[in-house]
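Single-structure report; data block below.
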Amino acid sequence: MSEDDARPSRPEHGLSIAEYNAARADCLQGLSGQQSILTWSIAALGVLFAAGLSISPQITDANTIRHWLFFIGIPLLTLGASVAWLGEIFRMERDAHYMRLLERSTWPVERQREFDEMKIVRDEDVKYPRLLLNTWVAHSAPERRNRVSGYFGGALIYVGATACSLALACTLLHENRALAFGLSGAWLVIYTALTWAQLRHIRHFSKRAAVK
């Protein structure tokens, strides 16, 4: 055991643990928030799709209502829900990175140098009486232990709902279909690109090393 390991915990280590717990609580709130957003938005999308498809032709301006619902209503809902959902995910990854920085502050100096060289936390390193969890998850073998790729599933739901809504809107039109398809395609490309950029940023943030 190194001299640093044998040394009693300093007061600032206690402060680090308290702040670590606060960051973890905020991260868990983000986890709960993104799950809640995904749940209610899927339910709302299901209701809107069902309502739009079941509108009786006998209702005055039924086609106009469908067009507005599928062209504007559902795409705007998916946009707002996905922005809020990705915001909660970014909150989680931001907190996790901060926890990794706090974890590093509790490591012995030689362990910090070793991590700087290898950029990995091995399973046997858990024997250290220090904070390691988030760094172990993000920087250990196998590399996919931090499964942020699961976020792509939620993004696929939102992009797919937008694509289906716009396709239905274009199909229900009896005129100006070419313009409608063009506008729908442009919106879908822009929306997909923005979502992809946000996911890449989140994935990059999730792999940031705990360095000073």
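The values are calculated or read from the model by the stated rules, or taken from the named source; none is laboratory data. In this text the structure is predicted, and so the values were computed from the model without any measurement. When we count neighbours, we look across all protein chains shown, and the Cβ atoms used for this are built from the backbone with ideal geometry, even at glycine.
Numbers at a glance
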quantity	calculated
Selected residue [modelled with pLDDT under 80, assigned to a helix (DSSP H, G or I) and among the basic types (Lys, Arg)] from Arg113, Arg130, Arg144	Arg144
Positions within the stretch 89-127 being of a type in the set (D, E, K, R) and crowded, with 19+ Cβ neighbours inside 10 Å, in sequence order	Glu93, Asp95, Arg100, Glu103, Arg104, Arg111
Yes/no for Ile59 being at pLDDT below 85, touching a helix residue (DSSP H, G or I) at 6+ places or on another chain (Cβ under 6 Å) and surrounded by fewer than 17 Cβ atoms within 10 Å (Cβ to Cβ)	no
Residues being surrounded by 14 or more Cβ atoms within 10 Å (Cβ to Cβ) and assigned to a helix (DSSP H, G or I) - total across the stretch 37-56	9
Close pairs from the stretch 48-66: first under 16 Å from Thr171 (Cα atoms), partner among the aromatic types (Phe, Trp, Tyr) and modelled with pLDDT of 80 or more, Cβ under 8 Å, at least 6 apart	Gly52/Phe70
